[in-house]
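Notes for the one structure printed next.
Since every read-out is calculated from the coordinates, none of them should be taken as a lab result. The structure presented is a predicted model; accordingly, all values stated were derived computationally and were not measured. Cβ placement follows ideal geometry from the backbone for every residue including glycine, while neighbour counts extend to all protein chains displayed.
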């Protein structure tokens, strides 16, 4: 089965009032933690094998996943270290991905962003373009950096955290061919969103799947309140 990797190891310092006691993906939004909504969305597309790339307070994930509402999914918690960067966290999962003999690609997302993006359509685009990576992009508030694309949906610029930029931004929900591991250095602490993705851009191997529906991250109390309001009467993202 194709696996879904969830980046869930950060300290969430921008939302310390909630994350001082628990990792951000375990913050409750209405009835369930953020990470449950993420898993539920992927499972709607018959993706039920997850590797949670934990670090900060990693033992709390094992405790959470013992609850009955996770019983239909296969979940492995991988402690990737407290200060490990995103790219190096992904690299630590490689050997577990390779246990599947048919391993050709995998899904990756952040543990603090929710969306109703169509995973099937994203995969179809990924397979059609035959590139190493796909990133889901959205039009968000202007506090984020932008991703520029050309008319063929290839990413031409990947910039994080430029406050005055306007356009499409990284919403997470990646798909990667196994060749991505060739771009993550083993002996360094690598940020996925820097050298690896910047290399893909130069190689014209990063495709943008433009999502125009719901997307919301949970970086602070304002984001949290928006999500709580949205899910107050809902059971899922879709």
(message) Tell me yes or no: at least one residue of the range 216-231 is in contact with a helix residue (DSSP H, G or I) (Cβ under 9 Å, 6 or more places away or on another chain), within 29 Å of residue 105 (Cα to Cα) and either free of Cβ contacts under 8 Å to residues at least 24 places away in the same chain or surrounded by fewer than 15 Cβ atoms within 10 Å (Cβ to Cβ) (or both).
(response) no
(message) Please go through the range 90-101 and give me each residue that is surrounded by fewer than 12 Cβ atoms within 10 Å (Cβ to Cβ) and not in a loop (DSSP other than H, G, I, E, B), ordered by number.
(response) 95
(request) Exactly one condition in (1) under 18 Å from residue 174 (Cβ atoms); (2) crowded, with 20+ Cβ neighbours inside 10 Å is not met by residue 128; state its number. (result) (2)
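Residue by residue, here is whether (1) under 21 Å from residue 191 (Cβ atoms); (2) more than 17 Å from the chain's Cα centre (by Cα) holds:
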| residue | (1), (2) |
| --- | --- |
| 18 | no, yes |
| 21 | no, yes |
| 24 | yes, no |
| 34 | no, no |
| 37 | no, no |
| 45 | no, no |
| 53 | yes, no |
| 58 | yes, yes |
| 93 | yes, no |
(request) State all residues of the range 117-137 that are assigned to a loop (DSSP other than H, G, I, E, B) and touching a strand residue (DSSP E or B) at 6+ places or on another chain (Cβ under 8 Å); if no residue qualifies, say none. (result) 117, 131, 132
(message) Return the residues of the range 102-112 that are crowded, with 22+ Cβ neighbours inside 10 Å and outside any loop (DSSP other than H, G, I, E, B); say none if nothing qualifies.
(response) 106, 107, 108, 109, 110
(message) For the range 1-71, give me every one of the helices (runs of 4 or more DSSP H) that falls completely inside it and has 3 or more residues that are under 23 Å from residue 116 (Cα atoms) and in contact with a helix residue (DSSP H, G or I) (Cβ under 8 Å, 6 or more places away or on another chain).
(response) 34-43
(request) Exactly one condition in (1) touching a residue at least 40 places away in the same chain (Cβ under 8 Å); (2) on the phi > 0 side of the Ramachandran plot is not met by residue 25; state its number. (result) (2)
(request) Working only within the range 59-92, note down all residues that are touching a strand residue (DSSP E or B) at 6+ places or on another chain (Cβ under 7 Å) and farther than 26 Å from residue 28 by Cβ. (result) 90, 92
